[in-house]
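> Please find one structure pasted underneath; my questions will follow.
Bear in mind these aren't lab numbers, they're just calculated from the coordinates by the rules spelled out. The model shown is predicted, which means the values in this text are computed figures rather than measured ones. Here Cβ is always computed from backbone atoms with ideal geometry, including for glycine, and neighbour counts include all displayed protein chains.
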């Protein structure tokens, strides 16, 4: 039997101490971690160089090697992020609601740590510090499961996180490094100990985790985002939004995958297509799109595909209603946009489209925690429970209800007895 | 094959129309439902009388019969509730956050319906109208699975709900009645269609549902609530809180099940015990409690038991820390209270106890949506994800992010290009 269950239980217990410590204690630990990164930068970079070397010998591709590699500059960025977190207003104990129930009986709802998080990530060892820092700030414990290709880098970074806690009189067990796929399968069964799983990786990884646990999973398996060009869309704006949505970063989950085109826009569609093709985009259209553009024909599968590449499907509709129904039938509820000169039609689209992010006259690429101004991003959720869309530190919080009384019992209230005042405070 | 999947899919589709309809349309449907209840009261009461008759013949016990029975007065109460909901400020489209990302690029986060709810309830046919009304107000579709003992009552009430929708130009498919246990098992597998399950019934029911679905479940399987008497607790207040917590409604989930007693309070404990015993409470204590009170001895199982009855376990501790650790070890994270004359110790308890509701000098019985002033209560959640503690209509909502732009692309921003302003609106 592995030691995972006692370690998860130890993390859960340590979390209570971490979460109820003074805000300054957590700030101190974040600053200590930044110092430790500086003092140990040589050891970190050496361990990382070994990981990169081994990965290169194993024939791992360059983009992955880039994500795996650390540098003095990357460490500086991480230290800057920790300094920002250390200065940030503490997210815990924020009052969301306050009601006087009666004289001397005051209720408040305050933010609290979620508990124990299981983070599953690939290649980037930076994630240990970014997520560890966020967890520390929000009073959560974390089990960090990184990829085997980064095992040396992750180990030293997890050790520094634990040391920063210990040296700030906080329980080091709140952070635990975990290795290996078998460990994930075992941990996903601990629904009594783990409160949230955050997989950061491919859609296939997210989907397989969602299907093998009863613990809540924050993330998105797919980003099939639509841009709908209404018949009154300004052609230059339509081209700009299509090009940005598809070409700015085609591998991103918020890249546009399907262009919906109102039949009334068809005369202007060639200009949009040229702009896209000029950026190397392959178009796949339905019958009307093919006849207007002479592009490749799309198959049914295209409407449900996240290309993650310079490919865009084009579907022609006869009304806004049809466009919205198409989005609900084929989208992933991630991000969908309309381009229209009409405020009224834009507002109707914003009201009717049931996706995490819905845009009027803006590129789907804006769906991102940094661009939304949320600070550090935990992930993007297409789930509807707990957190939706780009998720910042708020997604790592729950609430508690605190009641301060002076000896009241519930039997004191009711018909012919005392009344509640329910006065907002 | 049953028709449940197409019906759930129809409900999901109808929800989009219901949720994006104007607030007034949903208010109108609520008022129409109140009228229909009045116009059809005779038919409702007749159907209900048949249910009650059949239940009586089947030997069902009186408390259950009481919950099953409807009356003109109960129907009036339901109509009053619907009128209140109809007048209420619409919970949808409420702005939670608004940020200017740049000139002409404005982001807001607004409340939205959760989607499709599966409600599983027992006996009380009132629940059809209460929950149906709440769902309608919040733009959610519902699958209503009632107990077989109320099938005739439930059927006519579900029909009226659907009729109220139809007659208000809203899609009747947003409400669907479901019968039988097999249906529940089938529905719990539709995690692609159903967004939230709300079981209203015994802890065993909640637990069995939690363990057989990947859909989020809102509820609580157990309410093991503690009252901790510190050594400086005022003896009269201690007795009052213990008696109210245990005796006001022993079967409630927020009733006190374990009394934690600081060793320094032992000299005053006899008074508290007498007050409890005077109300018919049986005490079961650990060694020190037995020697102080001469009560029955408790076994290890007592510390993890929700009696739901006039039984209270008593455990003696030597410090606040020990009391808090005991609560985390044996509680269910529902509601825990401290009785102490010290503001400082009260605040430390409020900060450190990780339960949905934490009280200082108030009875655990206050943990309730009505008492908290939340209006209609959806349930009480001991989960940490999405909603925690007493849950009002907010627990039936999620959010969407709406971005209103003027043609911006993400590639317009970055070093040497435009900067985000991130100005709060």
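> Work out how far the C-alpha atoms of segment B:1-130 reach from end to end along every principal axis, then list the three figures in whole Å, largest first.
71, 40, 25
> Further, regarding this structure: Could you work out the mean count of beta carbons from other protein chains within 10 Å of each residue's beta carbon in A:408-420?
Counting Cβ atoms of other protein chains within 10 Å of each residue's Cβ and averaging gives 5.
> Sort A:156, A:131 so the one with the fewest other Cβ atoms within 10 Å of its own Cβ comes first.
Ascending number of Cβ neighbours within 10 Å: A:156, A:131.
> What's the angle, to the nearest 10 degrees (0 to 90), between helix A:266-278's Cα axis and the longest principal axis of chain A?
60 degrees
> Diagonalise the Cα gyration tensor of segment A:330-373 and give the resulting equivalent ellipsoid semi-axes, square root of 5 times each eigenvalue, largest first, whole Å.
The equivalent ellipsoid of segment A:330-373 has semi-axes of 18, 13, 8 Å.
> Would you mind giving the mean number of other chain beta-carbons within 10 Å of the Cβ of each residue in B:344-352, as a whole number?
So the per-residue partner count for this stretch is 3.
> What fraction of the DSSP beta bridges in segment B:225-366 is antiparallel, stated in percent and rounded to the nearest 5?
So the antiparallel bridges amount to about 0 percent of the total.
> What does a probe at residue A:417 reach in segment B:357-379, counting residues whose amide N is under 18 Å from the point 7 Å along Cα→Cβ?
Taking a point 7 Å out along Cα→Cβ of residue A:417, the residues of segment B:357-379 whose backbone N falls under 18 Å are B:361-373.
> What are the distances, in nm and sorted shortest first, from the label point of residue A:297 to the label points of the same position in each other copy, with each label point placed 7 Å from Cα along the Cα-to-Cβ direction?
8.5
> Order these peptides, A:239-250, A:285-296, by their mean beta-carbon neighbour count within 10 angstrom, highest first.
The peptides rank, most packed first, as A:239-250, A:285-296.
> Okay, next question. Using only the alpha carbons of segment A:349-388, what is the convex hull's orientation-averaged projected area in square nanometres?
3.3 nm²
> Sticking with this structure for a sec: Only Cα pairs under 8 Å and at least 6 apart count here; give the relative contact order of segment B:225-366 as a rounded whole percent.
For segment B:225-366, the relative contact order is 33 percent.
> What is the order of B:382, B:256, fewest Cβ neighbours within 10 Å to most?
Ascending number of Cβ neighbours within 10 Å: B:382, B:256.
> Please report, in cubic angstrom per residue, the volume enclosed by the convex hull of the alpha-carbon atoms of segment A:219-264.
Measuring per residue, one finds 66 Å³ for the Cα hull of segment A:219-264.
> Can I ask one more? Taking 0.36 nm per intervening residue step and subtracting the Cα-Cα distance, what contour gain separates residue A:166 from residue A:263 on full extension?
Taking 0.36 nm per residue and subtracting the Cα distance, the gain is 28.5 nm.
> Another one. Name the most mobile residue of A:21, A:238, A:230, meaning the one with the largest mean-square fluctuation, in a Gaussian network model of chain A with Cα contacts below 10 Å.
A:21
> Once the piece of chain linking residue A:22 and residue A:2 is laid out straight, how much longer is it, given 0.36 nm per residue of separation minus the C-alpha distance between them?
Value of the extension gain: 3.8 nm.
> OK, next. For the rotation taking chain B to chain A, which residue of B has the Cβ nearest the axis, and how many Å away is it?
B:386, 2
> Per residue of B:104-110, what is the mean number of Cβ atoms on other protein chains within 10 angstrom of that residue's Cβ?
Average per residue, whole number: 4.
> What does the highest-first list of A:384-391, A:326-333 look like by mean Cβ count within 10 Å?
In descending order of packing, they fall as A:384-391, A:326-333.
> What FRET efficiency, computed as 1/(1 + (r/R0)^6) with R0 = 41 Å and r the Cβ-Cβ distance, is obtained for residue A:291 and residue B:406, rounded to the nearest 0.05?
The pair residue A:291/residue B:406 has a calculated efficiency of 0.80.
> Now a separate question. Over chain A, what relative contact order in percent results from Cα pairs under 8 Å that are six or more residues apart?
RCO, chain A: 18 percent.
> Taking only the alpha-carbon positions of chain A and ignoring solvent, what does the Debye formula give for the base-10 log of I(q)/I(0) at q = 0.08 Å⁻¹?
Log10 of I(q)/I(0), two decimals: -0.56.
> What length, rounded to one decimal in nm, is gained on full extension from residue B:88 through to residue B:60, with 0.36 nm per residue of separation minus their alpha-carbon distance?
Stretched out fully, the residue B:88 to residue B:60 stretch lengthens by 6.3 nm.
> When DSSP assigns beta bridges and you keep just the ones with both residues in the protein assembly as shown, what percent turn out antiparallel, to the nearest 5?
30 percent
> Just to check, using Stokes-Einstein with a Kirkwood Rh over alpha carbon pairs, what's the diffusion coefficient of the protein assembly as shown at 20 °C and 1.002 mPa s in µm²/s?
74 µm²/s
> Separate question: Placing the label point 7 Å from Cα along the Cα-to-Cβ direction, what are the distances from residue A:41 to the equivalent spots in the other copies, shortest first, in nm to one decimal?
Residue A:41 label point versus its equivalents elsewhere: 8.0 nm.
> Here's another thing I want to ask about it. Label segment A:238-366 by shape, choosing from rounded, prolate and oblate, from the square roots a ≥ b ≥ c of the eigenvalues of the Cα gyration tensor; if a/c is under 1.5 it is rounded, and otherwise prolate applies when a/b is larger than b/c, oblate when it is not.
Here segment A:238-366 falls in the rounded category.
> Neighbour counts of other C-beta atoms within 10 Å: give me A:107, B:425, A:229 arranged from fewest to most.
Lowest count first: B:425, A:107, A:229.
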